[in-house]
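A.B. asks: Quick one: this structure, given as structure tokens, is what I'll be asking you about.
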Amino acid sequence: MKILLVLIIMVANCAGLFFVSLLAAGGDGSSDGIRKVLAFGGVWLLVATLLSLMLAIRGRGTASILVAVLTLPAGCAISLVVAAAMHTHALAKPSSPAFLALCRTAGVTLHAAPAAPVTSIAYSWDDPYPPKFNFFAVDKRGNARQLAAGLLYKEPRPLEFTETRNAAAASDGARGYAQRHLRDGATTWTAVMTAEAQVAYKSTPLTQVGLEPGTIQYDIVVSDRRDGRLLGSLRYFINEDRRRACGTTSEGVMSEVAFVSRAIGLKPMPSPSP
């Protein structure tokens, strides 16, 4: 009877682990965190189940039930302690020379002002998705205190509309070439891209020797589609696991919206350096 009760509790723990793992989903829908929680939790549950069954077989029924009941809470507590320790260590550890060298190439370059006011923007990318993060805040050591996603369509105002296009949309002849997001919130499909300015994204995973694994280079280029002139470019680097980032648009902050606003002339162009 005790063995059966242990097994029932462990089945409930497995269900609980599944729901807990969903909390580790990335802000962009990525499942990396879910897989890590399930991997660690699966091993933890297996070890705890074997221990509970051994205690039950040896006649220590109360102890076996106690181990089974406390398995999931104890695992969550240990995970939080380990995660906090790893986060603290990552913040204290200096960036590698390779990462610092990359950061010297990061930042904003404003090339020219648009010849006429920009009233619409087209966002485009060849990767499956736009950049995972388009806002972050960093301290003086380069530690990312805030990594944010989902700001892509919080476009600069005032704009008449924005368009978005990627490879999947371009090949979908049934719906059209690009999505158009109107100011009133409506969404339509258009056969051709018609926006006056274009914001092009590129994400490049880096694997140089000496560089922290998981470092990604992001490039954003803003151009005027009416005359082809390059308005501005932004390069930034992020290592999500190590909580490192560089390539700010202002003191301690990288904001895609702020950069695009400046590039299309919605904010004053900075004076050139002497």
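The values are calculated or read from the model by the stated rules, or taken from the named source; none is laboratory data. No experiment lies behind these values; they were computed from the predicted model shown. So basically every Cβ, Gly included, is an ideal-geometry build from the backbone, and we count neighbours across all protein chains shown. Remember, those area values only see protein heavy atoms, side chains included, never the ligands or the DNA or RNA. Shrake-Rupley method; radii C 1.70, N 1.55, O 1.52, S 1.80 Å.
To keep it simple, each residue is scored yes or no on (1) within 30 Å of ASN134 (Cα to Cα); (2) exposed (fewer than 14 other Cβ atoms within 10 Å of the Cβ); (3) at pLDDT 80 or above.
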position	(1), (2), (3)
PHE19	yes, yes, no
LEU22	yes, yes, no
ALA25	yes, no, no
ALA39	yes, yes, yes
GLY61	no, no, no
LEU66	no, yes, yes
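A.B. asks: It is to be established whether one or more residues within region 241-262 are without any contact (Cβ under 8 Å) to a residue 24 or more places away in the chain, part of a helix (DSSP H, G or I) and surrounded by fewer than 23 Cβ atoms within 10 Å (Cβ to Cβ).
C.D. replies: Looking for residues that are without any contact (Cβ under 8 Å) to a residue 24 or more places away in the chain, part of a helix (DSSP H, G or I) and surrounded by fewer than 23 Cβ atoms within 10 Å (Cβ to Cβ), one finds at least one in region 241-262, hence yes.
A.B. asks: Taking the conditions exactly as written (assigned to a strand (DSSP E or B) and either at positive phi or surrounded by fewer than 18 Cβ atoms within 10 Å (Cβ to Cβ) (or both)), does ILE220 satisfy them or not?
C.D. replies: no
A.B. asks: Now for a different question. Within region 102-129, which residues are exposed (fewer than 14 other Cβ atoms within 10 Å of the Cβ) and polar (S, T, N, Q)?
C.D. replies: THR105, THR109, THR119
A.B. asks: Follow-up question, since we're still on this one. Open to solvent by 80 Å² or more (accessible area, probe 1.4 Å), out of contact with any strand residue (DSSP E or B) (no Cβ under 9 Å at 6 or more places or on another chain) and not basic (Lys, Arg): is that true of VAL209 in this structure?
C.D. replies: Taking the combined requirement at face value, the residue satisfies it.
A.B. asks: Exactly one condition in (1) within 22 Å of the chain's Cα centre (by Cα); (2) at pLDDT below 80; (3) within 30 Å of ASP224 (Cα to Cα) is false for ARG157; which is it?
C.D. replies: (1)
A.B. asks: Filter region 167-206 down to residues that are modelled with pLDDT under 65 and over 29 Å from PHE237 (Cβ atoms) and give me whichever is surrounded by the fewest Cβ atoms within 10 Å (Cβ to Cβ).
C.D. replies: The selected residue is ALA174.
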